[in-house]
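Visitor: Just passing along the structure, written as structure tokens.
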Amino acid sequence: KYRMSDTLSDDASGGDDGQEDVMTPAELIGKLEEAWLNERFSPELLENKSEMGECVMEQLTHMEANLQRVWRGDVKASVHRMEIDRIRFVLSSYLRSRLQKIEKFFPHVLEKEKSRVEGDPSFLSPEEFAFAKEYLANTETYLKAVALKHMPPNLQTVDMLKAVPEPCLDSFVFLRVRERQENILVEPETDDQREYVVDLDVDSQHLMRYRSIAPLVSSGAVQLI
């Protein structure tokens with residue numbers, strides 16, 4: 001569990017019980033921005049960060065309350081108001097990007113979540129899972145009412161997994177390396193050439209197929225940009 005200290009609070013460090021991973025505002029917002037960029041630029045839906053989002057919302061509310069105690073003409077109040085608005089934008093954009101992917105790939109997202117091994121991280125928050133199921137049900141109802149009921153009996157069903165395109169994991173993405181990686185497979189071996197592998201140095205930037213570095217995005221070893 002994460003907790004962000006509030007720079008406007010009179011006692012940001014009070015009340016720590018030792019059970020929380022206390023982060024500074026810069027550290028937590030940095031984590032949010034990393035998740036936001038990865039979600040924006042990855043072709044597939046990534047692991048959900050709902051706990052982090054809830055923590056940010058809780059602390060934003062706390063910061064708003066503390067801001068009310070600051071004189072409105074204080075320059076510090078204006079700066080903190082702009083920072084609050086910026087954080088809200090990043091969080092809203094992050095959540096909106098996830099919803100857009102769920103709407104675009106909903107049957108594949110649900111199938112991936114259902115096939116998840118118990119104990120593995122969830123790709124959907126409970127709210128996103130409920131939204132995806134409702135979206136699937138509404139889409140099927142709409143198709144039946146508008147088209148399928150007018151088709152021959154043997155054509156009145158549709159396989160959503162086949163009807164809706166999957167995320168294109170072979171699309172290219174820009175990335176920055178955060179942890180050195182060796183022998184990353186860029187191109188599989190073919191009849192015309194041997195397999196092509198590269199080393200990724202820290203802080204280097206690359207344009208690569210997403211499929212090649214998808215596990216590194218999940219682990220945080222690379223950052224999409």
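Visitor: When N counts the residues of the stretch 93-215, how does its alpha-carbon radius of gyration compare numerically with 2.2 N^0.38 Å, as a ratio?
Guide: 1.43
Visitor: Next up: First measure r as the distance between the Cβ atoms of GLN100 and GLU51, then evaluate 1/(1 + (r/R0)^6) with R0 = 30 Å and state the FRET efficiency to the nearest 0.05.
Guide: 0.90
Visitor: What percent of all Cα-Cα pairs in the chain falls into each 5 Å bin, going from 0 up to the bin containing the maximum distance?
Guide: Result returned by the calculation: 1, 6, 11, 13, 13, 13, 12, 10, 8, 6, 4, 2, 1, 0, 0.
Visitor: What does the helix-only formula give at 222 nm for the chain: each DSSP H stretch with n ≥ 4 adding -39500 (n - 2.57), the total divided by the residues, and the result rounded to the nearest 500 deg cm²/dmol?
Guide: -16500 deg cm²/dmol
Visitor: Ranked highest first by average number of other Cβ atoms within 10 Å, how do 173-185, 134-146 line up?
Guide: Going from most to least packed, we get 173-185, 134-146.
Visitor: Within the chain, what whole-number % of the accessible surface is contributed by carbon and sulfur, with the 1.4 Å probe and all protein chains included in the calculation?
Guide: 52 percent
Visitor: Shifting gears a bit: How many nm separate the modelled label positions at ARG86 and ALA147, each set 7 Å beyond the Cα in the direction of the Cβ?
Guide: 4.6 nm
Visitor: For CYS168 and GLU27, what is the calculated FRET efficiency with R₀ set at 41 Å and r taken between the beta-carbons, to the nearest 0.05?
Guide: 0.80
Visitor: Can you put SER97, SER50 in order of accessible area, largest first, using a 1.4 Å probe?
Guide: SER50, SER97
The values are calculated or read from the model by the stated rules, or taken from the named source; none is laboratory data. A quick note: this is a predicted structure, and the numbers were derived from the prediction, not measured. Using ideal geometry, Cβ is built from the backbone for each residue, glycine included, and neighbour counts are taken over all protein chains shown. Surface areas here come from the heavy atoms of the whole protein model, side chains and all, with no ligands, DNA or RNA. Shrake-Rupley method; radii C 1.70, N 1.55, O 1.52, S 1.80 Å.
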